[in-house]
Structure formats: structure tokens, C-alpha cells
Amino acid sequence: MDARQELVKLFETAGAIRKGHFELSSGLHSSMYVQCAQVLQYPRFAEKLGHALAGLFANDRIEAVVSPAMGGLIIGQEVARALPEPAGSIGGGAPALFVERDASGNMTMRRGFQLKPGQRVLNVVEEAGGCVVAVGALIDRSGGKIEFPVESQALLDLPIASYEPEDCPLCREGSAAVKPGSRFVRSAS
């Protein structure tokens, strides 16, 4: 089994890849839905994925990992744990920081998190003084269509077709889309 097949099996075993008829948070419809939280709930799987993702950036001298809350907290921690100790570190490894939405809905660093000017960061946060050198993801479902102004890599390329509701073949067949994501659950409560 090659590395790609092994990763897909890991996601499927954890129930992170679902098939059906879904309405994504973008409003688009798809026959496949990926919920990374399902695989990351298992510490050994999260550790394995974090090591693999950190390995994609082994030559980038990453000094901190900044992830979006909530969904990126676990994988950000595991990627940071797998990175080499940054020069001048306090001995705790590469920091695993996160951004979260403020009252106006913008992603921002809070909770006393800070970056040193020019600190080399994997992911978000130039506004805080960091130097974004790369973006990492567990899965690129865009088929390589998303472009970033820095290096970007995903452990798994899993192109997933999505459709405007009026163009959705599943809707035309009479199937009703379900809304599986956490944003939908939160907005329904």
C-alpha cells in the first residue's frame, strides 16, 4: 500500500471521509465530505499525521505553527511537536499558537500569544509580525486550484467535486443535501 492509500485508509477508518449528499459551509453541494476532527480525535492518528505534515516542511526552518481555532488546534500542536527545536528556543519546542475569531468575526491572535518580528511561521499571521513561509493542510480537496503567496503543501490531494445547488446532479436525482459541518450545528442551536 502506497503512502496516499495509507492516508486515505486512516481517514476512512476514523470515519473522517463520508459519502452522500452534502451542503458545504460555502453553500456548494458535494457527494463527499471530509471532517478532519474525526481522525484527529485519535491521538496516535493525530501524532502520525502531524509528523507527516511537519516532514513536508523539514527544510523551511519553521519557528512557530499558527493554526485556526478550533479545527486546527490538534493538528497544529502535533505539527509543532514534530518540528525541530528552533534556535533560541526556551526548550519547549516550536510554539503551537492559534488564531480565533474576535467579536467582529475576524481571525486574530489573542490569549497573550505573540510572535517575534520576522519569526518564521507555518500558516497565518503576518499582521502579528511573523513571516509566513508556508501553509500546510491535511487535505487539499481543491485539486490544486487554491494558490497561496507562499509554499503550500497537503498530505493528501483528494479532489472533491462541488456544485452550485442549481447544478447539483444529486439534487436533480431528488436527493436532499445534509449540512454536516460544525458551523451548521452551531447556527442551528
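The values are calculated or read from the model by the stated rules, or taken from the named source; none is laboratory data. Being a predicted model, the structure only gives us computed values, none of them experimental. All Cβ positions, glycine included, derive from the backbone under ideal geometry; neighbour counts span all protein chains shown. Surface areas here come from the heavy atoms of the whole protein model, side chains and all, with no ligands, DNA or RNA. Shrake-Rupley method; radii C 1.70, N 1.55, O 1.52, S 1.80 Å.
To the nearest 10, the accessible area of Asp60 is 30 Å² with a 1.4 Å probe. Compute the FRET efficiency between Lys145 and Ser104 as 1/(1 + (r/R0)^6), taking r as their Cβ-Cβ distance and R0 = 41 Å, and round to the nearest 0.05. FRET efficiency, Lys145 to Ser104: 0.90. Karplus-based coupling profile of region 100-105, in residue order and whole Hz: 9, 6, 8, 4, 8, x, with θ = phi - 60° in 6.51 cos²θ - 1.76 cosθ + 1.60 and x standing for Gly or Pro.
For region 50-121 versus region 123-180, the spacing of their alpha-carbon centroids is 20 Å.
One chain, two ends: Asp167 and Met70. Fully extended at 0.36 nm per residue, the span grows by 31.7 nm beyond their Cα-Cα distance.
Entry note, the chain: the mean residue ellipticity at 222 nm calculated from DSSP H runs of n ≥ 4, each adding -39500 (n - 2.57), is -7000 deg cm²/dmol after division by the residues and rounding to the nearest 500. To test your reading of the geometry: what angle, between 0 and 90 degrees and rounded to tens, separates the Cα axis of helix 73-82 from the longest principal axis of the chain? Relative to the chain, helix 73-82 is tipped by roughly 50 degrees.
Between Gly20, Gly129, Gly105, the residue with the greatest mean-square fluctuation in the GNM of the chain (Cα pairs under 10 Å linked by springs) is Gly105. For Arg120, the residues 5 or more places off, or on other chains, whose built amide H falls under 5 Å of its own are Glu63, Cys131.
Largest accessible area first, the residues Val178, Val133 order themselves as Val178, Val133 under a 1.4 Å probe with ligands, DNA and RNA left out. When the square roots of the Cα gyration tensor eigenvalues are ordered a ≥ b ≥ c, the ratio a/c for the chain is 1.5 or more and a/b exceeds b/c, which makes its shape prolate.
Quotient of the Cα radius of gyration of region 10-67 and 2.2 N^0.38 Å, N being its number of residues: 1.42. As a fraction of the 1.4 Å probe accessible area of region 56-178, surface on carbon and sulfur atoms comes out at 51 percent. The string of couplings for region 19-31 from the Karplus curve (6.51, -1.76, 1.60, θ = phi - 60°) is 10, x, 9, 10, 9, 6, 4, 6, x, 6, 9, 8, 8 Hz, one whole number per residue in order, with x for Gly and Pro.
Each residue was assigned an accessible area with a 1.4 Å probe, and for Glu166 the value is about 130 Å². Backbone amide hydrogens, once placed in the peptide plane, bring Lys179 within less than 5 Å of Glu23, excluding anything fewer than 5 places away on its chain. Of the listed residues Met32, Met107, Met70, the order by accessible area with a 1.4 Å probe, largest first, is Met70, Met107, Met32. Note down the net charge around Pro68, summing +1 for each Lys or Arg and -1 for each Asp or Glu among other residues with Cβ under 11 Å from its Cβ. Computed value for this residue: 0.
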